[in-house]
Amino acid sequence: MNAELLLRCCYIFMGLIIVLVGIVMPKSKPNRWIGFRLKCTMEDPVLWSQVHRVSGPVWVIGGCLIIINTAFLPIELVIPALLGMIFLLCIISLVHIRILLRRKLTLKER
């Protein structure tokens, strides 16, 4: 087995792990192991649920895109695509948390 094939297998495995995390996210409760463990999400189970219900499917799609990119992109573009996708998945989830927190504060003010 050559080095390129081994790298591609490792990156596909990473994509599968992200898909698995995305599948587990919507069903999880606040915990120490999986999910967005920010102070605001850990203290509010409703916020945790809302964030992970949306982030889970986004992470599943992102993991599938990582697998597809790994299979078809040239090997020198796979790492930047992988890192970019992971960064994008985190940013999308964090922006969603920010939107929910802002909405929650707006409702409290009324």
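No lab work stands behind these numbers, since they all come straight from the coordinates. Computed from a prediction, not measured in an experiment: that's the story for all the values here. When we count neighbours, we look across all protein chains shown, and the Cβ atoms used for this are built from the backbone with ideal geometry, even at glycine.
Looking at the square roots a ≥ b ≥ c of the eigenvalues of the Cα gyration tensor of segment 1-44, which shape do they give, rounded for a/c under 1.5, prolate if a/b is larger than b/c, or oblate? Prolate, since a/c reaches 1.5 and a/b exceeds b/c.
Subtracting the Cα-Cα distance from 0.36 nm times the residue separation, let me have the gained length for residue 20 to residue 92 in nm, one decimal.
24.1 nm
First check a/c for segment 43-110, with a ≥ b ≥ c the square roots of the eigenvalues of its C-alpha gyration tensor; if it is under 1.5, answer rounded, and if not, answer prolate when a/b is larger than b/c or oblate otherwise. Cα axes put segment 43-110 in the prolate bin.
Short to long, the 5 Å bins of the Cα pair-distance histogram for segment 1-93 hold 3, 15, 23, 20, 14, 11, 8, 5, 2, 0 percent of all pairs. Look at the dipole of the chain built from charges on Cβ: of 89, 11, 101, the Cα furthest out on the positive end belongs to 101.
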